[in-house]
Amino acid sequence: MSVINSLVEEHITSLVREAVSVQRHTKRTRFQQRSDDCNDGFGEPIPRRMLQANDINLALQWCGNEKMLSTTNAGSVIKTQDTVNLSAYIRSELKHQPPSEIGMAVHWLAVDGVQPNIPQNPMEILPRGGADQDVHQVEEYDDAGTDVDTNAGNASASAVSVRQLLPRVLAEELRLYFTRVTLSIERGDPMQQDAALASVARDSGTQELVPFFFRFVTKKIYENLGRSYNCLILVRLAYSLISNPHLHPELHLHQILPSLVSCVVARRLSSGTSDDHWTLRQESARTLVKVCRVFGDQYPNLKPRLIVELCSAIQPDKFLPTQYGGLIAISLFGPKAVDSFILPLVADYWVKFSETLHSEKNRAKRFELQRCQDALLHAMVVFLGETNPAEQSERINYEDLSDIFGDALVPLHSIRKEYSYFSCFV
């Protein structure tokens, strides 16, 4: 109760001050009538300024409130509205909830010139048949990254409606950019595809498109498994996104890594012998190594987990294309990875591949064996070319290697560098 009294007193004092200010500016002065107890001793009236109801009303209006006072016909007596018993008012049940306390909250008004779709910002309303038709390739993805069933006539659909994220959040320029790039990747000629990849690798201001590009790459890779050329272009798109210095895709790597690993170690990536899935495996392995080198410091367990998957792919019971992808990928991680995971197996694998190659009559099978031998030689090139002779002598025996590989691998002494070796393929 004391708090209410103090608040009422404070508001009344402030209101009276405003009314006095209004009365002073209007230059109105009223005189107190003659009385026995109000004179200066000589029977003359004392001049005194008195507030009028109009002064109070003007003060209330000045403060943004409604009029609460009225005057009589004479204009000299102030009458108030019906008095309110504060005790009864407090005990009574309030019809309206008191207003919330005034405060401030922080939210993103705009990000790179685009208002994010949050409750504090007004929602963009797009006309039917407008920008939605230009982004037909992107509207299939919802907020969680899964496919959206756009069939509105499905009777089993519940009252829950899926809101399309891209048309509501992205600017029209970004939507157009995404559409042009994806159309060039899917339907363009090699020149258009190279131009689109170069644009994605260097353009700035496209950070908001990163999750949509990664979803597009992941979905299209799984749809095009068996068509190596289409998957190769998609993998190159992922490599361009990761190589762009203006983008930060680390929060979306979980979307793209499983599809990249599949393009490295999957058993079948082509529909026929003429389809070059070996290049797809090499490009996918290069993209995985790029991811580890760029984001390995932020995710220390990223490289070990990929190495575990690749080591599982080079086991003897795996298919030859799978072994090839694992060998190539591990070799791209550098000489230490080769020393730890390939070098202990290289002699046994080479002998097994050579014996099988001599007895195999199927040309496709023979080609797979030769590609696996090439992967082993590539691993030895990485180890011999980037390791000093002291470490080489501790890890390998040149006589054993010469007996196993023969003339396929010949370490040569370089004239320009005293301690370096090259590999010669005969």
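Taking the stretch 352-364 only, how many residues are touching a residue at least 12 places away in the same chain (Cβ under 8 Å) and not aromatic (F, W, Y)?
The total comes to 5.
Wholly within the stretch 157-270, which helices (runs of 4 or more DSSP H) include no fewer than the required count, namely at least 1 residues that are modelled with pLDDT of 90 or more and basic (K, R)?
Fully inside the stretch 157-270 and qualifying: 172-187, 190-202, 210-223, 228-243.
Which residue is modelled with the highest pLDDT, if the candidates are limited to the stretch 1-60 and must be within 30 Å of S87 (Cβ to Cβ) and not in a helix (DSSP H, G or I)?
My answer is L51.
Can you work out which of the residues in the stretch 257-303 that are surrounded by 15 or more Cβ atoms within 10 Å (Cβ to Cβ) and of a type in the set (V, I, T) is farthest from the chain's Cα centre (by Cα)?
Only one residue tops the list, namely V265.
Need the failing condition index for L306 against (1) farther than 19 Å from F216 by Cα; (2) hydrophobic (A, V, I, L, M, F, W, C); (3) exposed (fewer than 15 other Cβ atoms within 10 Å of the Cβ), just the number.
Among (1) farther than 19 Å from F216 by Cα; (2) hydrophobic (A, V, I, L, M, F, W, C); (3) exposed (fewer than 15 other Cβ atoms within 10 Å of the Cβ), the lone unmet condition for L306 is (3).
Mind telling me which of the residues D348, D317, D339 ends up being farther than 15 Å from L288 by Cβ and not assigned by TED's automatic domain parsing to the domain that holds G385?
D317
Select from the stretch 271-289 the residues that are part of a helix (DSSP H, G or I) and either at pLDDT below 85 or not polar (S, T, N, Q) (or both) and list them in ascending order.
H277, W278, L280, R281, E283, A285, R286, L288, V289
The values are calculated or read from the model by the stated rules, or taken from the named source; none is laboratory data. Fair warning: this is a prediction, and the values are worked out from it, not measured in the lab. Glycine also receives a Cβ, built like all others from the backbone with ideal geometry; neighbour counts cover every protein chain displayed.
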